[in-house]
Amino acid sequence: MRALRLTAWKSDPELVEVPEPHPGPGQVVVRIGGAGACHSDLHLMHEFEPGLLPWDLPFTLGHENAGWVAELGDGVRGLEVGQPVAVAGAWGCGSCARCLQGFEGYCENLAAAPVMAGGGGLGLDGGMAEYQLVPAARHLLPLPDGLTPVEAAPLTDAGLTPYHAIRRSWPKLAPGSTAVVIGIGGLGHLAVQILRATTAARIVAVDTREDARALALELGADHAVAPGPQAALEIRDLASGRGADAVFDFVGADETMALGAAAARMMGDLTIVGLAGGTLPVSFFGVPYEVSIQTTYWGGRPELMEVLDLGARGLLRPKITRVGLEDAADAYRRLAAGEIEGRMVVVP
Ligand code: NAD
Ligand code: ZN
Ligand code: ZN
């Protein structure tokens, strides 16, 4: 079968022939219906120094995947061949406290995980291929009616990651509050919809690209702001002069974190999700009193069930650009150039 693989660090991926996988005991092979292309893949392919991550090359890209059960390994119960499923992408040991809570991205016994701090498409073979080997049935969530694998694929990361970040700020997003979303790409365009569907907050979207700001307004943001020296003041004004109760930074550069800190309300949240490598100096008078600053990585399996429910009910609709496997490497170049609206999904 064909697979889009990372064969060397600091390089573009290559479309190559690899053997079709077959499941061992407890494992499942999924026929891929859709594999989302995440900006994290660009960081990982082009920016990360060799040795930064403890992963062996090559591996197949694609860490947001959905499809149909193709083959069940010995001992797997509760799934049927042909059933549509989403793949929860972070694969931990399965038995530490965090894994048992469903947060396998925060596994505390990595020595027993199939890969160090990764999963399919992140150190092990992902979904940019006709089939993907999933090492345990617990990583597969049956798709609710009304959701196709192509729609479900981006929900497993571009949907789940902002959902987890927003969910932990729910107590601060009561009516009268303001939420800011910085970066209206794959994650951010879903963050706007998640805020709309799950909170009554006023939503302010920030992006350098005018078309991304227009998309945010179309998807339910109340205001769209261009970054720049006036942006923090503009956001504070829109937030009744008080500042934003929660800022979600889906870029993670020096300037976006500085904007987030300057726009946040006292006792607000600033959550850094983007991996652009920026830093934010934190000091007593440098950030508003009692602002909580956190990073978040992906989300939990129970949360993914909630995200799939939002998707199946039409409350969360990813904007999808479909490409074939043969065009995927080129499509990553378009993603890097900021030419993709919403999420690009590879359909093998
Ligand atoms: P994307 O390329 O689809 O979207 C990024 C958006 O940010 C684009 O619309 C771009 O115009 C905008 N942008 C870039 N620089 C900006 C700036 N200075 N100010 C305002 N807007 C700016 O990317 P994506 O796939 O949505 O991923 C976003 C980030 O989140 C990436 O860094 C990715 O690696 C990271 N990520 C993190 C996690 C996690 O678990 N923490 C999960 C997935 C992705
Ligand atoms: Zn990702
Ligand atoms: Zn674990």
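Observations, loosely collected:
- All positions within region 119-136 that are outside any strand (DSSP E or B) and surrounded by fewer than 24 Cβ atoms within 10 Å (Cβ to Cβ): D125, E130, P135, A136
- Number of the condition not met by A174 [criteria: (1) within 16 Å of ligand 1 (Cβ to nearest atom); (2) more than 28 Å from P21 (Cα to Cα); (3) open to solvent by 20 Å² or more (accessible area, probe 1.4 Å)]: (1)
- Any chance P144 is open to solvent by 60 Å² or more (accessible area, probe 1.4 Å), over 18 Å from the mean Cα position of the chain (by Cα), farther than 24 Å from A331 by Cβ and of a type outside the set (S, T, N, Q): no
- Selected residue (only one of L72, L57 is closer than 29 Å to W9 by Cα, more than 18 Å from the chain's Cα centre (by Cα) and open to solvent by 10 Å² or more (accessible area, probe 1.4 Å)): L57
Let's see how each residue does on (1) touching a residue at least 60 places away in the same chain (Cβ under 8 Å); (2) closer than 26 Å to I293 by Cα; (3) more than 17 Å from the chain's Cα centre (by Cα); (4) not in a helix (DSSP H, G or I):
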residue: E108; (1), (2), (3), (4): no, yes, yes, yes
residue: V115; (1), (2), (3), (4): yes, no, yes, yes
residue: R138; (1), (2), (3), (4): yes, no, yes, no
residue: A153; (1), (2), (3), (4): yes, no, no, no
residue: D157; (1), (2), (3), (4): yes, yes, no, no
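- Against the test of being assigned to a strand (DSSP E or B) and either of a type in the set (D, E) or at negative phi (or both), the options V76, V30 yield a single qualifying residue, V30.
- Hey, L57 of a type in the set (A, V, I, L, M, F, W, C), in a loop (DSSP other than H, G, I, E, B), away from ligand 2 (no atom under 16 Å from the Cβ) and without any contact (Cβ under 8 Å) to a residue 24 or more places away in the chain or not: no
- Some residue of region 250-262 being open to solvent by 70 Å² or more (accessible area, probe 1.4 Å) and of a type in the set (F, W, Y): no
The values are calculated or read from the model by the stated rules, or taken from the named source; none is laboratory data. Keep in mind that this is a model prediction, so the values were computed, not measured. Here the Cβ is made from the backbone with ideal geometry for all residues, glycine too, and neighbour counts use every protein chain on show. These area figures cover heavy atoms from the full protein model, side chains too; ligands, DNA and RNA do not enter into them. Shrake-Rupley method; radii C 1.70, N 1.55, O 1.52, S 1.80 Å.
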